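Below is one structure; the comments refer to it alone.
The values are calculated or read from the model by the stated rules, or taken from the named source; none is laboratory data. Please read these numbers as outputs of a predicted model, since none were measured by experiment. Heads up, the Cβs are rebuilt from the backbone with ideal geometry, glycines too, and the neighbour counts pull from every protein chain shown.
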Amino acid sequence: MAENYIKVLVVDDHEMVRRGIISYLETEDDLEVIGEAHNGQAAIDICNKEQPHVILMDLIMETMGGIDATREIKSLYPDIKIIILTSFVDEKQIFPALEAGALSYLLKTSKADDIVKAIRAAMDDESVIEPKVASKMLNRMRGAENQPHTSLTQRELEVLVLIGEGKTNQEIADELFIGIKTVKTHVSNVLGKLGVEDRTQAAIYAHRHGLLQ
């Protein structure tokens, strides 16, 4: 075993998958598999006893899935690096997993050597994203750039958020310390840039696009 070995925890609900991953990892001199878990809760229990450096985390598992487990583990042990290793390439899994704190996102079709490289890269806080996943991320970013609210100024965005919170023009003026006429101008600009007809539609837009805290 190398002096600076990397302690790895393998989490997957299929025993044969775990066995295959572990068998390959054990051929690497700088890696040590310190445990395996069949669901997210079991992974947390192991983390409470052991301190893995890196976790290979599946997503869809009974009792507790990988996204919830990732969020919980990162809140308890921020230094643990989590690599998602799954079969899913849909946005409903990708973005929540990354937002929960996963560092990398790989597929079970990835080459074994690529998984090992991702584990080593994780120790330097370097992300490794499967090309198919990266493509979806890029498409989402491009879509976000084309959203109407990205053309709003900072002040107009603040006004939109307050509209979304149901504030009147006077309340917006009081909160932002600006005149009522200035508020009306900002509201008019917001409606025009968003392409909506009234404050209600603007408020709905703000809610749908997650602009409210």
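Residue count for segment 64-78, restricted to those that are crowded, with 24+ Cβ neighbours inside 10 Å and either of a type in the set (Gly, Ala, Ser) or over 13 Å from the mean Cα position of the chain (by Cα) (or both): 3. Sub-8 Å Cβ pairs linking a first residue in segment 193-209 that is touching a residue at least 60 places away in the same chain (Cβ under 8 Å) to a second residue that is assigned to a helix (DSSP H, G or I) and buried (at least 16 other Cβ atoms within 10 Å of the Cβ), at least 6 apart or interchain, are HIS209/HIS149, ordered by first then second residue. Could you check, for segment 79-102, whether at least one of its residues is assigned by TED's automatic domain parsing to the domain that holds MET137, surrounded by fewer than 17 Cβ atoms within 10 Å (Cβ to Cβ) and more than 20 Å from MET137 (Cα to Cα)? Yes. Take SER127 and tell me if it is touching a residue at least 12 places away in the same chain (Cβ under 8 Å) and touching a helix residue (DSSP H, G or I) at 6+ places or on another chain (Cβ under 6 Å). Here the answer is no, as SER127 does not meet what is asked.
One residue alone among LYS132, LYS92, LYS108, LYS181 is out of contact with any Asp or Glu (no Cβ under 6 Å at 6 or more places or on another chain), modelled with pLDDT under 90 and over 21 Å from LEU212 (Cα atoms), and that residue is LYS132.
Counting residues in segment 101-109 that are closer than 30 Å to TYR205 by Cα, in a helix (DSSP H, G or I) and without any contact (Cβ under 8 Å) to a residue 60 or more places away in the chain gives zero.
Residue count for segment 7-38, restricted to those that are under 25 Å from ARG71 (Cβ atoms), out of contact with any strand residue (DSSP E or B) (no Cβ under 6 Å at 6 or more places or on another chain) and either of a type in the set (Gly, Ala, Ser) or surrounded by 19 or more Cβ atoms within 10 Å (Cβ to Cβ) (or both): 2.
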